[in-house]
Amino acid sequence: MRYLVTGGAGFIGSHLTEALLRRGDHVIVVDNFNDYYDPARKRRNLADAQAMAGFTLVEADFCDQALMTEVFARYQPQKIAHVGAIAGPRPSMLRPLLYEHVNISGTVVLLELARQHEVQNFVMASTSSVYGKTDKIPFVETDPTDRPLSPYAATKKACEVLSYSFHQLYSMPATVVRFFTVYGPRSRPDMTPFLFVEPMLDGRPIKLFNGGVEVYRDWTYVGDIVAGVLAALDRNLPYEIFNLGNAHPVQLIDFVHTLERVTGLRARIEKVPMPATDPPITFADVSKAGRLLDYQPRVAIEEGLGRFWQWYQRDVLAARGRR
């Protein structure tokens, strides 16, 4: 089977690429290695994949319709995992036009080419951010998602709706997977574990919303996320939306204490206000994914952070000449 994976050099995309290659599939990775964070780190993410049979790298912007038309014509992907995007609720406040261009226009380019080439399945990564601020927990796929708190969340909601439009017009199988606070090896520098470990190493304070109290996140290990995406790719469902989370929210201060135990470092805490882009809690109901995808999150927070810390020491600190 031939898969096209957008953002395949990124955090989740590189793990997904390796998982597909390990089971014998052919993977065409499309990534433009933009400078959202160090492109060299993204290239290191692909080091193992590049040594595996069936791997193809196309350095391209998936928003480029002409170039992507050539990619589809040449490689004829049978299924698409669209995990590439400009991510992050808070940065989207500063560059909403960029988020609209990449996340919405880029997705339309891929949906239209998928339609033209009659792909067997189009799986699109969305986010728990589409739920916004709600008192209804846990979050269920049928909950209202029409009041996003950030341009980022709004673009992802738009992509969900566009996926449905292409499905209902052309009977194209499309599945939306909503990720909940993904963490693990290869995480981006703007993600929480990374943002906390860096100052902890240097003895600087970490900024905690509300001091870490009454702020909960449904931390989900990247390997569990990949398992869910693989299941969605394999099912070829007509149109579905799935929460992919851990279903066990952790209070932010408890997350910090766990990180202290795993790393042996001490965290100095600076209390800061909760930003308008962030809800106080994310909490996935994963019962639908369990029924239809056999999705079962397996990695507990301490084990997952341990794997993150091992990678951080081996990759990030080693690249800086530190141990």
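Structure values in brief
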quantity	calculated
Residue satisfying condition, being at pLDDT 95 or above and either within 30 Å of GLY132 (Cα to Cα) or of a type in the set (Ser, Thr, Tyr) (or both), within set GLU112, GLU70, GLU59, GLU118	GLU112
Residue that is surrounded by the fewest Cβ atoms within 10 Å (Cβ to Cβ) [pool: residues in segment 272-311 that are among the small types (Gly, Ala, Ser) and within 21 Å of ASN45 (Cβ to Cβ)]	GLY306
Answer residue from segment 190-241, given it is out of contact with any Lys or Arg (no Cβ under 9 Å at 6 or more places or on another chain) and hydroxyl-bearing (Ser, Thr, Tyr) and is surrounded by the fewest Cβ atoms within 10 Å (Cβ to Cβ) among those	TYR239
Residues (under 10 Å from the mean Cα position of the chain (by Cα) and either under 18 Å from ALA267 (Cβ atoms) or assigned to a loop (DSSP other than H, G, I, E, B) (or both)) located in segment 171-187	PHE180, THR181, TYR183, SER187
Boolean, TYR183 is surrounded by fewer than 17 Cβ atoms within 10 Å (Cβ to Cβ) and not β-branched (Val, Ile, Thr)	no
Any hit, segment 222-239, residues being at pLDDT 95 or above and of a type in the set (S, T, N, Q)	no
Total residues in segment 87-101, condition at pLDDT 95 or above and within 20 Å of VAL229 (Cβ to Cβ)	0
First in segment 75-89 and more than 14 Å from VAL27 (Cβ to Cβ), second anywhere and buried (at least 24 other Cβ atoms within 10 Å of the Cβ) and among the basic types (Lys, Arg), Cβ under 6 Å, 6 or more apart	none
Condition met for LEU201 (assigned to a helix (DSSP H, G or I) and either closer than 28 Å to LYS271 by Cβ or of a type in the set (D, E, K, R) (or both))	yes
Odd one out for TYR170, checked against (1) surrounded by fewer than 16 Cβ atoms within 10 Å (Cβ to Cβ); (2) at positive phi	(2)
Helices (runs of 4 or more DSSP H) wholly inside segment 38-154 containing at least 2 residues that are of a type in the set (A, V, I, L, M, F, W, C) and surrounded by 14 or more Cβ atoms within 10 Å (Cβ to Cβ)	65-75, 106-116
Residue list for segment 208-250, restricted to those being in contact with a Phe, Trp or Tyr (Cβ under 9 Å, 6 or more places away or on another chain) and either basic (Lys, Arg) or without any contact (Cβ under 8 Å) to a residue 12 or more places away in the chain (or both)	ARG217
ARG314 vs. criteria free of Cβ contacts under 8 Å to residues at least 12 places away in the same chain and surrounded by fewer than 15 Cβ atoms within 10 Å (Cβ to Cβ)	yes
Selection within segment 10-24 - assigned to a loop (DSSP other than H, G, I, E, B) and surrounded by fewer than 20 Cβ atoms within 10 Å (Cβ to Cβ)	ARG23, GLY24
Scan of segment 201-216 for residues that are farther than 12 Å from VAL256 by Cα and basic (Lys, Arg), ordered by number	ARG204
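The values are calculated or read from the model by the stated rules, or taken from the named source; none is laboratory data. Since we're looking at a predicted model, the values are computed, not measured. Reconstructed Cβ throughout: ideal geometry from the backbone, glycine too, with neighbour counts over all protein chains shown.
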